[in-house]
Amino acid sequence: MKPRQSSLFLFALSFLAFSALNAQPSLIYLSLQSKTRPDATSPVTVTWCSDNTDGIQYVKYGVKTDPGKKMKAFKNEINGKVVFNADLKKLKPGARYFYRCGSDEAGWSKTYSFFSEPDTGAFRVAIIGDTQNNANNEGFNKTKIITDLVKAYDPCLTLHMGDIVDNGSPTENWTSFLSVTQDLNTISPLMPVLGNHDIQNIKGEDFQKPFQDYHSLFNLPGDEVNYSFTYGKVRFIGIFSGCAQAAEETDQVKYKPGSPEYIWLDNELANAEKDRNLDWVIVWMHYPVSSFGWSNIAGWKENVLPLLEKYRVDLCLSGHRHVYERHFQMKDGVPVKKESSPVFSANDGTIYITNGTAGGNPTGSGGKNLPDMAFTPDKSMYNFAIMDVSNESIIYRVFDQDDTLIDRFVIVKGTDKK
């Protein structure tokens, strides 16, 4: 080899070695796990991808800006990438934790931070949904606008109403979503439920099954499809509504009475009702319980609504329809009051919300003519919600893509536990 060729070859090797050594982890996001004791803080899972598949990787974390504790990560391979995750347990309540992930050999991420579960009962939740990357949300460009706005509110966690992607089959849709939303996901644990676009829609043996990429990339409690967790004095219960429209044609709608998921939800709600450490119960899902037109899935409503009414859930949040809709507070299938009062007593019934869209095409105004509709905007819009929770109240605010306040209501806790 000639001297010049040798120099260029050695330079190329050095550059590749340097690049490999300094390659940073990507697609970093946080999630929450169920805690084993009511007096413990919710464990936080850090998940990331790496192109460096060899060796052990870690999360370094602590309350100082140069974190010293180190947690070994588990790894799982997906389509040529390696996904790492590590659970951070026994966190101090209400503390700001700094963390970075990777290794000396594979490279480290920059340092991020999050706040652990507070012990005061007061915290902030962001609500987004239907981030699907369709023709008008290519590369999740609209979703990026919304999640950047959400990030400015510093939520302690983010609930996602499903339809994370437009087509759950290609891996790149999932990885693109996690890449675009990383700035929010690294400070606020992301807790999604699955929508009809996230699962297999072709009828047959795999109908309504989540794609493997979802299970490989996301680390959520339980079976990751129907799951629950406690944060503060709130029990959050996420349920999987499947592909309800197509499922109704073949009598395969989820949560049929007597099914395993129905029994699970019945037990979850019964236990939450008996738990004296809880002030609130919030259920979130993709398909709305109350809707109209093609989104009105009678079988889904017939299966789920009796349980929600039996235990008088405080809030039922959904997506699917790309409009924001707030229904009257409901009890036993009828509005408690036919007025859009901004203040409600938790003891009176359940408020049902359809959370619109954080990326999928807005579809006009909502169901103004529904007999239980309290408020829906006059124009179509992208939107998100911010929910401030305390022991005494839930303050729910809705904003459009310009960060303009669209709706606000408050639920106050009564003197008696429901």
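None of the figures in this text is laboratory data; all of them are computed from the coordinates on show. Computed from a predicted structure; not experimentally measured. Quick reminder, even Gly has a Cβ in these numbers, built from the backbone with ideal geometry, and neighbours come from all protein chains shown.
Per-structure values
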item	result
Net charge contributed by nearby residues that have their C-beta within less than 10 Å of residue 66 (K/R +1, D/E -1)	+3
Order by protection proxy (mean Cβ within 10 Å, highest first), peptides 135-144, 362-371	135-144, 362-371
Highest-MSF residue in the chain out of 134, 219, 267 [GNM, Cα springs under 10 Å]	267
Share of alpha-carbon pairs per 10 Å distance bin for the chain, given as whole %	5, 22, 32, 25, 11, 4, 2, 1, 0
For the stretch 271-288 and the stretch 213-252, distance of Cα centres in Å	14 Å
Positive minus negative residues near residue 109 (Lys, Arg vs Asp, Glu; Cβ under 12 Å)	+3
Highest average packing first - 383-390, 156-163, Cβ atoms within 10 Å	156-163, 383-390
Leading residue at positive end of dipole, the stretch 279-418 (Cβ point charges), from 344, 313, 380	313
Helical mean residue ellipticity (222 nm; -39500 (n - 2.57) per DSSP H run of 4+; nearest 500) of the chain	-6000 deg cm²/dmol
Antiparallel bridges, percent of DSSP beta bridges restricted to the chain (to nearest 5)	75 percent
Alpha-carbon centroid distance for the pair the stretch 368-399 / the stretch 129-179, whole angstrom	20 Å
Highest-MSF residue in the chain out of 249, 273, 392 [GNM, Cα springs under 10 Å]	249
Residue with peak Gaussian network fluctuation, the chain [Cα springs, cutoff 10 Å], from 259, 26, 291	259
37 °C / 0.692 mPa s Stokes-Einstein diffusion coefficient of the stretch 160-269, Kirkwood radius on C-alpha pairs, µm²/s	219 µm²/s
Set of lysines near residue 368 by C-alpha distance (under 23 Å), chain-local residues within fewer than 8 positions excluded	301, 331, 337, 338, 379
The stretch 210-323 - share of DSSP beta bridges that are antiparallel (%, nearest 5)	40 percent
Formal net charge of residues neighbouring residue 39 (Cβ-Cβ distance under 14 Å; K, R +1; D, E -1)	+4
